[in-house]
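Before any comments, here is the structure.
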Amino acid sequence: MDNPFKNAQRQIDDVAKYLDIDRKTLAALKAPKKFLKATLKVKMDSGKIKAFKAFRSQHNDAVGPHKGGIRYHQQVTEDEVKALSTWMTIKCSVVGIPYGGAKGGIVVDPKKLSKGELERLSRAYMRAFYQAFGAWKDVPAPDVNTDGQIMAWMLDEYEKITGKHEPGLITGKPLALGGCEGRTEATGLGAFYVLEQLVKVKKLNKRKTTIAIQGFGNAAYYFSIFAQKAGYKIVAVSDSQGGIFKASGLDPQKVMTHKDKKDSVVGFSGTKTITNEALLELKVDILAPAALENQITNKNVNRIKAKYILEIANGPVTPEADAVLYKKGIIALPDVLVNAGGVTVSYFEWVQNNMGYYWEKAEVFSKLKKLMDKAFSQMWATYTKKKVTPRMAAYILALDRVVKAMQTRNSNG
């Protein structure tokens, strides 16, 4: 398997050719500013003490505090955390929010822990790293296998240690502790706003636009709900068990009701069962990979028939496949733009926490639309002007902002 951190560094080298960047700044961009490690000792329900490896990578804070999720997974590695913190810097910068990237993780299979063990582990993580965190230093959030409850435990632990309230320390919290209205829909809605902009610039007829979505988790579900309401035709969705296809279009709400009952979308009445691989190769206008990374690769890229790709998942298209899609004239809009709705609404949560004033859902949605529309039009302008892939356009836009902030800070050498 490719080393994700080496991939991230290679991408920065590729973008550097388009930027006014000196060697020192380039070297600083290619490594985290700070990388923290700890061994968390946690008392298990059996009374035994178990050790867990934990990490926090703080990539860059030239534009503002570090920002990024904490994941609990048995395959978390140092290189993965470093790569994800680098990509977070880029994602925050694409949408123009005042954060730099960070990422954290614990090497653990959370499914094997009781609720009590999970709480003790989460509090231990905050105790290990609390000095590195703060509303104006580094603001974590949920990620793979973590949720609002885990964020609540971490916030509580931090406030116990420091003896003060600081809700802006962490985002993705439950509403009861200062969470943000609309956070649940944010990633899918952000992707929908990108779709609307694409349809506008390409002058497509949305009633005739067909969409296939690989995946049916939170982001894919809300994306499909907003798209169907707006008049698009969702012809296929899938989950880990397989996919379903219906040429006349699916009703995402009814599909979700079926999935909740049967634990899969497969078998939904009036649909044809297809594989996840076949879904990617459907002849549709828009393909939205919204499940796992590395789904469109050298092996299947020549069989992709969609005209446009919206990357709702992180890294669903490999760099090699990206180059082939571009040559074939298939426009692939990158994850750092398409799924940035989540971190944007996290930013809104932080803003509300810091000023102690909260917005209603409609206001959150309209503010999100404004930022996503602006990010899309800036990316599209760079893409058409520089004749590069949309991903490269987003990276040029993002890293140019970070580099300018870094150089402005160090303008005297």
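Taken together, the values in this text are just the output of simple stated rules run on the coordinates, not laboratory data. Note that the structure is predicted; figures quoted are calculated from it, not measured. We place every Cβ from the backbone using ideal geometry, glycine too, and count neighbours over all the protein chains shown.
Counting other beta carbons within 10 Å of each Cβ, put Tyr222, Tyr99, Tyr130 in order, fewest first.
Tyr130, Tyr222, Tyr99
Which distance in nm do the two modelled labels at Asn300 and Thr77 give, with both placed 7 Å along the Cα-to-Cβ direction?
It works out to 2.3 nm between the two label points.
Please list, short to long, the whole-number percent of alpha-carbon pairs of the range 336-410 in consecutive 10 angstrom bins beginning at zero.
17, 37, 33, 12, 1
Taking the Cβ-Cβ separation of Phe35 and Asp251 as r and a Förster radius of 30 Å, what is the calculated FRET efficiency to the nearest 0.05?
Once rounded, the FRET efficiency stands at 0.05.
Please tell me which of these pairs span more than 25 angstrom C-alpha to C-alpha: Lys203/Lys305; Lys327/Lys369; Lys137/Lys173?
Lys327/Lys369
If you average the alpha carbon positions of the range 303-321 and of the range 221-247, how far apart do those two centres end up, in angstrom?
Here the two parts' Cα centres lie 17 Å apart.
May I ask for the equivalent-ellipsoid semi-axes of the range 180-413, computed as the square root of five times each C-alpha gyration tensor eigenvalue and listed largest first in whole Å?
30, 23, 15
Could you name the aspartates and glutamates in cross-link range of Lys328, using Cα to Cα under 16 Å and dropping any fewer than eight places away on the same chain?
Excluding near neighbours in sequence, the set is Glu281, Asp285, Glu320.
Mind jotting down the distance between the C-alpha centroids of the range 4-25 and the range 36-92, whole Å?
Cα centres, the range 36-92 to the range 4-25: 23 Å.
List the GluC sites (Glu not before Pro) within the range 281-350 that fall in a DSSP loop (any state other than H, G, I, E or B) and whose Cβ has at most 16 other Cβ atoms within 10 Å.
Counting only loop positions with at most 16 other Cβ atoms within 10 Å, the GluC sites (Glu not before Pro) in the range 281-350 are Glu293.
Report, for the range 32-176, the % of DSSP beta bridges that are antiparallel, rounded to 5.
60
Distance from a point 7 Å along Cα→Cβ of Lys229 to each backbone N in the range 336-363: keep the residues under 13 Å and list them by number.
361-363
Strictly over 19 Å apart at the Cα level, which of Lys17/Lys404; Lys164/Lys361; Lys208/Lys387; Lys115/Lys361 would you flag in this model?
Lys164/Lys361; Lys208/Lys387; Lys115/Lys361
Using the membrane-span-like helix rule (whole DSSP H runs, Cα extent along the own axis of at least 27 Å, mean Kyte-Doolittle hydropathy at least -0.5), which helices of the chain qualify?
Qualifying helices: 390-409.
So which residue, out of Arg391, Arg71, Arg23, gets the largest mean-square fluctuation from a GNM of the chain using Cα contacts under 10 Å as springs?
Answer for the Gaussian network model of the chain: Arg23.
Okay, helix-only estimate at 222 nm for the chain: each DSSP H run of n ≥ 4 adds -39500 (n - 2.57), divide by all residues, round to 500 deg cm²/dmol; what do you get? Please list the in-between numbers first.
Numbers: 14 runs with 186 residues, N = 413.
The helix-only estimate for the chain comes to -14500 deg cm²/dmol at 222 nm.
Considering only the chain, what is the antiparallel percent among its DSSP beta bridges, to the nearest 5?
50
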